[in-house]
Every structure is written in C-alpha cells, then in structure tokens.
Amino acid sequence: MRPFDHQTPANAHTAVHLAAAHPTAAFLAGGTNLVDHLKLGITHPDLLIDLSAATTAAITELDGRLLIGAGARNSDIAADHRVRTRYPALAEALLSGASGQLRNMATAGGNPLQRTRCAYFQDTTTPCNKRRPGSGCAALGGFTRGHAILGASDHCVATHPSDMAVALTALDATVHVLGPDGERTIPFVDLHRLPDDDPTRDTVLDHGDLITMIELPDSPIARQSRYRKVRDRASYAFALISVAAALEVTHGVITDARLAFGGVAHKPWRARAAEQILIGEPATDDTYRLAAETELANARTLDGLDGGNAFKVPLLIRTATAVLRQLAEEPR
Amino acid sequence: MAPAGYRRGVETAITTRVDGTTRTTRVDTRTTLLDLLRERLGNTSPKKGCDHGQCGACTVLLDGRRVLACLTLAVTTHDHDVTTADGLAPDGDLHPVQQAFLDNDAFQCGYCTPGQVCSAVGALAELAQGHPSHAGDITADPEPTRAEIAERMSGNLCRCGAYTNIITAVEQAARG
C-alpha cells in the first residue's frame, strides 16, 4: 500500500475543494470497499479525504420526501421506521447485502459507489479494462457466473454489486451531488453508466463530485414494494440476480409498476420495457412472465469455464414473476 | 537517495480508548485498526483471518457497534471507543456471551471466537434495539430465533464448523 495523507474536513464544501485540488485524492466514507482496494493495489490515492465530519448521517423528511444523509449507515437506514414502512424494498435490499458488521460501516453515499466484485478486476495480475484501460478483459472466456447479461460491451462484462442501488433505481430516488462547480441533482437511474468503451467509469460523477444526500420521493406505490435476491448461499454473498419491484393493482388490473434488476449489468437495471408491458394488463403470471421476457429479449449470455451465465435469464424471469405475484397477492 | 517516486509513510498521532484505557500512538496512516491493536498495542484478541472483510475474525465494537477492524483505518478511530473480546472480560469476569460460548462448547480451535463473541454482543444489541434482518418480517419486532441468529451472525465464518453450538450460545445469551 502506498503512503497517503489523511484529512478530515469539517464540511462538504471543504471536502470537495480539497478533492478538486488533489487529482489523486479519494473520499473515504465507510471504507469497506476502498480500504480493501488500497490493500489489493487497485487504487493509489495520495490523500484520503475522510467524510466523517463532512456528511450527515441524519434521515429527515421534507414535504413527504425522505432525505437520507450520505453518512447514514446501511444498518440505520434499514432500521428506520419510515424506510421500513414506506420504502420496504429499500430496507429489504439493504438487509440482504453484506454482513451485520459491514452494514454498520457502509454508508448511503458510499454504497452506490462501491465497485464491481469481478474477480479479474480485483486481481491485479490479470488483464482488466476497468482497472487498466486497454489491457483486455480476462473475464471473457474465464469464469463468468457472476457477469452481465444486459448492456455489456466487448471491453467489460462486469456487474454492479450493490443491492441498495437496485432498490433506489426502482423507487425513483434522486442523488444530491456537491461538485467543484456547485450543487446538482441526478436521478438515481442515471447515476451509473454502461461500460461502452470506457469501463473505468462506473458513474457519471467526475473527480471531486461528492454525494451529499439520497432523496426518496413521496411515493404511494413504494409502500407496495419488495426486494428479492438470489445468491449462491443464504446470506453474506453478492447477488447472482435480484429484483426490486413495486406494484399497484386495482380490481385485478395492474395500474402502476416499478421494476429493476440487479446482478445483470454494469449498472442497476431499470426494466422500463417490462413496466410498459405490465401497466394496464391483468395481474397474472402470464403478464409478469411476458414483461420479464420482454425486458430480457436482448440479453446476451456468456460462455465460461464455470458453465457461463446463461442460467441468469430463466432465473431472473422466474424470480421477477414470483416477486410481482407476491406483491399482487400479499399486499403489505 | 530514495528512488524516484518514493514517498515516506505519513505518520499521525491518534488517541483511541481501547477496552477502557486511553492509548495515544503515532501511526502510519495506512495502519488498520486491526494492526494497531495487534502489532502496536499488544491486544491479540481480534484475529487476522482474511484481512479483506470476508471472515469476521477481526470483529470489534467501535462506539458499541460491531465493525471489522481490518477494514477500519486506525486514523479514523481517533477520539473513539474500541472494545475487543478481551475488554469484554475486565479482570477475567466473563461477559454473558463469553460464558454462553463456554457453556455450549461453541468453538473448536477458537481462532474465530473473539470475533464471534464481539459480533454476538453487537448483534444482540441490534436485536434489542429492534433492528430488522433478512431472516424476518421487516415491519415486526425481531425475536432471537435460531434463523434470526444465523442470519445476523453470517458475517463470522468458522472453519471448524461450530455454527450449531454458536447459535445455541447466542440463544442462551439472548435469554439473558
């Protein structure tokens, strides 16, 4: 690990200006991913900007919206009564991620910015276009069980690992960002990007941009939301696939829907095509299945030394169908 | 002369309360809390299993909440309170969770045990505060069932596979 300075600015503005003045600085929040990357040699910041005093951990309400401070811990967000009742998919997503210890460390601002757990990205002895542009992709032809089936490119087939981000994508959250040029908001669904020809960039944020808050809208449909995650063991594992969904059914007809998938792409995948199929149709398994199949019509699966990831397509169709059925049959 | 690009480590003084005693040390900013405890302060109760946040053997309580010492930089614990499994038994008086581990034979080699114990203390505090988990209904008050305990302790691996008795020990401690 290379040496670095450590500073703890007293507020977000100072933190952002400090970062802007140091091109190789990194923000430190919970540290659960960054400190590991320092050890693995994936990143080499010469300054860590400790956000413990610069961001708030408070969760507050404003006109029916919920504002989650970037410093709020995953465990505290999941325990918040407002989150559990008004945005249950978010609480479920948070609780399905990591372990009790890690959820006590990880923050609202840091969680969406965690990086892929692609084994080749994390192994500095292998080629990886995300870690070392132009070096190639060792995942292609390697072990691809955890890799993308939607929106991947020839340069990168990694998936985004966050559960929280999938729920935020489905529930129309907004990200508040403070950058060197001031404040702005970004719809959460637009925060992450596809790899295209530059997989080094996971999000649309630039150096020095700081997430200060995550905003959840006043959303009646969000009360009828769920998150389901499928993984290789019952707890403490990343998603093979996951589904965040919200459904509104009136007299047996779907009147509104929100759907997002995790574990399938370089970003949390908002399933807009599926939502269009769902709305106005009868709340039946046939509808749910058709919606999921439509969303996955352009899926491209990978071969791999471990058998590849083609299993994700039927698994995701069945899981999405099951979650939507549960929302319709067992309203919260 | 140092090679081009070489940079000396950056040192900083930190004061951390460890197991009730205030300790001031000069540490390299790269030092983890785990290495501070084990290598600088001589407290070897938190263990280095994976050193990457995957095994839970280094679990300690930071301001009363369970965290991984291997992914916590020591500089971030300045002015904070750290409790290790050692500190749970001042003067050798065992904490109820430690006694429950003994009573239920909840370990074999014992390497993961200090982390398991700290994690269990943290998990029981979270349960008492009504924190939900993946194992239960998120809108209901959680009960310390075996399924709840297994889920809440999933961040602590035991290569001996003593899980069955670990869950029983945590159940006993939960009953108080």
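The values are calculated or read from the model by the stated rules, or taken from the named source; none is laboratory data. These numbers come from a predicted model, not from an experiment. FYI the Cβ positions are ideal-geometry reconstructions off the backbone, even for glycines, and counts take in every protein chain you see.
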Say whether the condition of being of a type in the set (Asp, Glu) and touching a residue at least 60 places away in the same chain (Cβ under 8 Å) is met by at least one residue in region A:185-192.
no
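Each row is one residue, and each column tells you yes or no for (1) crowded, with 17+ Cβ neighbours inside 10 Å; (2) outside any loop (DSSP other than H, G, I, E, B); (3) at pLDDT below 95.
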| position | (1), (2), (3) |
| --- | --- |
| A:Ile254 | yes, yes, no |
| A:Ala257 | yes, yes, no |
| A:Ala260 | yes, yes, no |
| A:Ala265 | yes, no, no |
| A:Ala274 | yes, yes, no |
| A:Gly280 | no, no, no |
| A:Thr287 | yes, yes, no |
| A:Ala291 | yes, yes, no |
| A:Asn298 | no, no, no |
Only strands (runs of 3 or more DSSP E) wholly contained in region B:1-120 count here; list those with 2 or more residues that are within 20 Å of A:Asp36 (Cα to Cα).
B:21-28, B:59-62, B:65-68
Considering each of B:Thr15, B:Thr44, B:Thr24, B:Thr29 in turn, give the residue that is within 8 Å of chain A (Cβ to nearest Cβ) and of a type outside the set (Gly, Ala, Ser).
B:Thr29
Check on A:Val177, in a strand (DSSP E or B), touching a residue at least 24 places away in the same chain (Cβ under 8 Å) and either touching a Lys or Arg at 6+ places or on another chain (Cβ under 9 Å) or of a type in the set (Gly, Ala, Ser) (or both)
yes
Is there a residue being surrounded by fewer than 17 Cβ atoms within 10 Å (Cβ to Cβ) and farther than 19 Å from A:His176 by Cβ anywhere in region A:81-101?
yes
Could we say that A:Thr14 is in a strand (DSSP E or B) and among the β-branched types (Val, Ile, Thr) here?
no
Does A:Arg193 qualify as being closer than 25 Å to A:Glu295 by Cα, surrounded by 14 or more Cβ atoms within 10 Å (Cβ to Cβ), basic (Lys, Arg) and over 13 Å from the mean Cα position of the chain (by Cα)?
no
Counted residues in region A:218-251 being part of a loop (DSSP other than H, G, I, E, B) and of a type in the set (Asp, Glu) come to 2
Just one of A:Ser153, A:Ser162 is within 13 Å of the chain's Cα centre (by Cα) and either hydroxyl-bearing (Ser, Thr, Tyr) or over 20 Å from A:Glu92 (Cα atoms) (or both); which is it?
A:Ser162
Given (1) away from every other protein chain (no Cβ under 14 Å); (2) free of Cβ contacts under 8 Å to residues at least 40 places away in the same chain, number of the condition A:Cys118 does not satisfy
(2)
Go through region B:1-43 and give me each residue that's touching a residue at least 40 places away in the same chain (Cβ under 8 Å), on the phi > 0 side of the Ramachandran plot and not acidic (Asp, Glu).
B:Gly20
When region A:27-48 is examined, which residues are found to be away from every other protein chain (no Cβ under 12 Å) and part of a strand (DSSP E or B)?
A:Phe27
Residue satisfying condition, being at pLDDT 95 or above, surrounded by fewer than 19 Cβ atoms within 10 Å (Cβ to Cβ) and closer than 19 Å to A:Ala234 by Cα, within set B:Gly136, B:Gly155, B:Gly161
B:Gly161
Answer from A:Asp209, A:Asp202 - the residue that is among the charged types (D, E, K, R), within 15 Å of the chain's Cα centre (by Cα) and buried (at least 20 other Cβ atoms within 10 Å of the Cβ)
A:Asp202
Which residue pairs have Cβ atoms under 7 Å apart, sit 6 or more places apart or on different chains, and have a first residue in region B:44-67 that is on the phi > 0 side of the Ramachandran plot and a second that is surrounded by 17 or more Cβ atoms within 10 Å (Cβ to Cβ) and among the β-branched types (Val, Ile, Thr)?
B:Gly53/A:Thr32
Can you confirm whether B:Asp91 is among the acidic types (Asp, Glu), over 25 Å from A:Leu48 (Cβ atoms) and modelled with pLDDT under 95?
yes
I'd like the full set of residues that are within 13 Å of chain A (Cβ to nearest Cβ), of a type outside the set (A, V, I, L, M) and farther than 15 Å from B:Asp19 by Cα, limited to region B:59-96.
B:Cys70, B:Thr72, B:Thr76
Counted residues in region B:150-176 being more than 14 Å from A:Arg103 (Cβ to Cβ), within 11 Å of another protein chain (Cβ to nearest Cβ) and in a helix (DSSP H, G or I) come to 1
From the list A:Ala57, A:Ala53, which residue is surrounded by fewer than 21 Cβ atoms within 10 Å (Cβ to Cβ), assigned to a loop (DSSP other than H, G, I, E, B), within 12 Å of chain B (Cβ to nearest Cβ) and not hydroxyl-bearing (Ser, Thr, Tyr)?
A:Ala53
